[in-house]
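See below for the structure under consideration.
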Amino acid sequence: MPTIAYVNGHFSPIEQATISIEDRGFQFGDGVYEVVRTYGGGAFRLHDHLSRLESSARAVSIPVPLSRTEWEALIREGLQRSRYGECLVYIQLTRGVAPRAHLFPSSAKPTVVMTFQEIPETGGALQRQGVPAVTLSDLRWGRCSIKSLNLLANVLAKQEASDAGALEAILVKDGLVTEGCSSNVCLVKDGNIVTPPLSDQLLAGVTRAVVLELARKNGIVVEEREVSEEELTRADELFLIGTTIEVLPVSRLNGVPVGERVPGTVTQAVRDAFQRCILSETGGEPG
Ligand code: PDD
């Protein structure tokens, strides 16, 4: 079964999908994106992802060419066409095609691209074992709350982490933890979850919002406050959260084991609550 793509009104196998080399997403990274995943064939928290897409687009003055109902219908159609068990839906919106010049073009129409990729069945192995992470300098721009296509600093940090044998880089700016290259970060200290507060320095993760709400409902104290790099190294437990990784324990930070066992008690409780939430909202089994 080929992976299905959607470009400006047309579905096709991904190999046949094309965009102009003058698309501003390609030339300037002038666009925004979302990553959504399905459980039981249904997109999890689609409304939250579409709201964030709209607010990212608004923040960079790209008009959103589709209504909520239109997005939902297209995503449903893409999922039906792709016929995979579970899908990762990638949504990209750029300022459109125009001769290369920095200023906004006066007449470009936004480009909408989506892909519907199969999510391989992993049985949650990583989530049970945990993954190594490293801390690296956050070299990104000052508006990381926008889910923009400009991911070069994230790409470089992720590669540096991988070269060091880690799965994620936890980024640190001026001594304070911001987030992972493609995840939000939580630590556990004395039974409480601590995570950096929302700001221009990090993405307001859809998973972050769900996880923090579930944690509070389950009686876990959540502190949204600044976290120093030093505090991170003293954590009892550490976990990453995001659409593709769900709740992923960190087993080693910069080569040093985190806490006494992985997953730690709080991480496991959060993961269980997240899995129950997925099941109740979508009827699908978590990854
Ligand atoms: N990334 N922070 C960053 C920098 C991210 O790129 C992501 C997600 C998150 C978590 O957000 P959410 O819970 O809404 O997925 C936090 C996606 C999955 C990606 O770029 O592939």
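Do we have any residue at all in segment 92-111 that's closer than 18 Å to L203 by Cα and at pLDDT 95 or above? Looking through segment 92-111, at least one residue is closer than 18 Å to L203 by Cα and at pLDDT 95 or above. The residues listed here are V185, V194, V206; of these, the one that is buried (at least 21 other Cβ atoms within 10 Å of the Cβ) and touching a Pro at 6+ places or on another chain (Cβ under 8 Å) is V185. Of all residues in segment 1-16, those that are farther than 16 Å from Y84 by Cβ have Cβ atoms under 8 Å from Cβ atoms of residues that are loosely packed, with under 15 Cβ neighbours inside 10 Å and of a type in the set (V, I, T), 6 or more apart or on another chain, in V7/T18.
Here is a yes/no grid of residues against (1) assigned to a strand (DSSP E or B); (2) within 27 Å of T18 (Cβ to Cβ); (3) among the small types (G, A, S); (4) within 16 Å of the ligand (Cβ to nearest atom):
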residue: L79; (1), (2), (3), (4): no, yes, no, no
residue: P105; (1), (2), (3), (4): no, yes, no, no
residue: G123; (1), (2), (3), (4): no, no, yes, no
residue: L126; (1), (2), (3), (4): no, no, no, yes
residue: W141; (1), (2), (3), (4): no, no, no, yes
residue: N150; (1), (2), (3), (4): no, yes, no, yes
residue: E160; (1), (2), (3), (4): no, no, no, yes
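Considered as a group, the residues in segment 76-91 that are buried (at least 19 other Cβ atoms within 10 Å of the Cβ) and under 18 Å from the mean Cα position of the chain (by Cα) include one that is farthest from V112 (Cα to Cα), and that residue is E86. Scan segment 31-44 for residues that are under 18 Å from the mean Cα position of the chain (by Cα) and over 15 Å from I245 (Cβ atoms) and the total you get is 7.
Of all the residues that make up segment 240-249, how many are farther than 14 Å from V270 by Cα and more than 13 Å from the chain's Cα centre (by Cα)? Reasoning before the result, please.
Here is the first cut: in segment 240-249, the ones farther than 14 Å from V270 by Cα are 243-244.
From what's left, more than 13 Å from the chain's Cα centre (by Cα): none.
The number of residues fulfilling the criteria is 0.
Screening Q201 on (1) touching a residue at least 60 places away in the same chain (Cβ under 8 Å); (2) surrounded by fewer than 16 Cβ atoms within 10 Å (Cβ to Cβ); (3) among the polar types (S, T, N, Q) shows it passes everything except condition (2).
Residues in segment 170-182 that are near the ligand (Cβ under 8 Å from one of its atoms) and part of a strand (DSSP E or B): E179, G180. Looking for something under 22 Å from the mean Cα position of the chain (by Cα) and either part of a strand (DSSP E or B) or closer than 16 Å to F116 by Cβ (or both) - is there at least one such residue anywhere in segment 19-30? Scanning segment 19-30 turns up no residue that is under 22 Å from the mean Cα position of the chain (by Cα) and either part of a strand (DSSP E or B) or closer than 16 Å to F116 by Cβ (or both).
Being out of contact with any Pro (no Cβ under 9 Å at 6 or more places or on another chain), assigned to a strand (DSSP E or B) and closer than 29 Å to M1 by Cα narrows it down to one residue among I91, I75; which is it? Going through I91, I75 in turn, just one is out of contact with any Pro (no Cβ under 9 Å at 6 or more places or on another chain), assigned to a strand (DSSP E or B) and closer than 29 Å to M1 by Cα: I91. For segment 12-63, the candidate set comprises residues that are small (G, A, S), more than 27 Å from M1 (Cβ to Cβ) and surrounded by fewer than 19 Cβ atoms within 10 Å (Cβ to Cβ); within that set, the residue that is farthest from the ligand (Cβ to nearest atom) is S20.
The values are calculated or read from the model by the stated rules, or taken from the named source; none is laboratory data. Fair warning: this is a prediction, and the values are worked out from it, not measured in the lab. Because the Cβ atoms are built from the backbone with ideal geometry, glycine has one as well, and the counts that use them run over all protein chains shown.
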